[in-house]
Amino acid sequence: MQKSAVALGSRLPVTKDSAPIMQGVGRIFAYLVLIFLSLLFLTPFLFMIGTAFKRYEDIVGDPLNPFTLRPTLENFIHLFDKLPFFAMLINSLIIAVSLTLLSIVFNALVAYGFARYEFRFKHGLFVAMLVTMMIPGQITLVPSFVMFRAFGWLDTFWPLILPGAVGAFGIFLIRQIMVSIPKEIFDSARIDGCSELGTFFRIALPLSGSAVGIVALLTFMGSWNDYLGPLIYLSSGSKMPLAVGITTMSNPYKIDYASPITGALLMSVPVLILLSIIGHKYFVDGLTAGAIKG
């Protein structure tokens, strides 16, 4: 009798009814964890926004409160009076946009060569290129400085643009997409009379848009936030970008919290705009590009 009751109980659809409930609970728990992590990452940004609109006495008196009941624009006015903000903004845009455009073209050209052609020592060259990703950039600072000084490029934008025009990560990422493009597409373009450069610009580059987008995004962000490079190679104040300019607003007699944070808030606006334009479309596809084909 007991065995039959156990057998009857095992036949009841308890697991089938509980499975959706468990899945729903797991989904709710996952959403709660994601919301918590999102708020955790957004907290510094909220403090930056709140501090930019707070008075100095509110910043010092209530630093843990990201919001204020007495918002003010005096921090922005003080920033524009004390710093040539728009001139430095133009310098940052010139460096970042130039580097991003060159990085797209040259990284894609090298990736196209590795993906499209077969030549001697191809595998060895590709591995040697990837090994350069393991070399810290600080090791090459002194040789790069000596080389650019010999070229007469100090206090110009060239040392901040040309070295980053080609990178192993960008070549690798774009190449992973290009090798997945069917060879028949390139053959059809050649049959139709398209030149090699025409095939690159009309077929290979558009079809690699996800990888190109993520390379452009990371290159722009890296150049936009670069502090060490301009500090080493630039000496004229009129050529300094924002990343260096906002750090010069320190006062040895009074600590100015608001002005650097206000400058950092305004400096983050172009990056947020860029992320909203191309980040949502290309970011996930670009990051998973290496999983398509090796």
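The values are calculated or read from the model by the stated rules, or taken from the named source; none is laboratory data. Note that the coordinates shown come from a computational prediction; the quantities given were computed from them, not determined experimentally. When we count neighbours, we look across all protein chains shown, and the Cβ atoms used for this are built from the backbone with ideal geometry, even at glycine.
Every condition in (1) more than 29 Å from ILE59 (Cα to Cα); (2) at pLDDT below 80; (3) of a type outside the set (Gly, Ala, Ser) is met by TYR253 except one, and the failing one is (1). Per the listing ASP226, ASP285, the residue uniquely crowded, with 19+ Cβ neighbours inside 10 Å and either at pLDDT 85 or above or not aromatic (Phe, Trp, Tyr) (or both) is ASP226.
Determine, yes or no, whether SER276 is at pLDDT below 90, among the hydroxyl-bearing types (Ser, Thr, Tyr), assigned by TED's automatic domain parsing to the domain that holds LEU162 and part of a helix (DSSP H, G or I). Judged against the criteria, SER276 is a match. Within this structure, THR219 passes the test of being within 13 Å of the chain's Cα centre (by Cα), assigned by TED's automatic domain parsing to the domain that holds MET147 and β-branched (Val, Ile, Thr).
With region 1-74 as the region, which helices (runs of 4 or more DSSP H) entirely inside it contain at least 3 residues that are modelled with pLDDT under 80, exposed (fewer than 10 other Cβ atoms within 10 Å of the Cβ) and touching a helix residue (DSSP H, G or I) at 6+ places or on another chain (Cβ under 8 Å)? Show your work before the answer.
Working: elements: 2-11, 14-52, 56-61.
No helices (runs of 4 or more DSSP H) qualify here.
The condition (being farther than 28 Å from PRO230 by Cα and within 23 Å of the chain's Cα centre (by Cα)) is satisfied by just one residue among LEU125, LEU42: LEU42.
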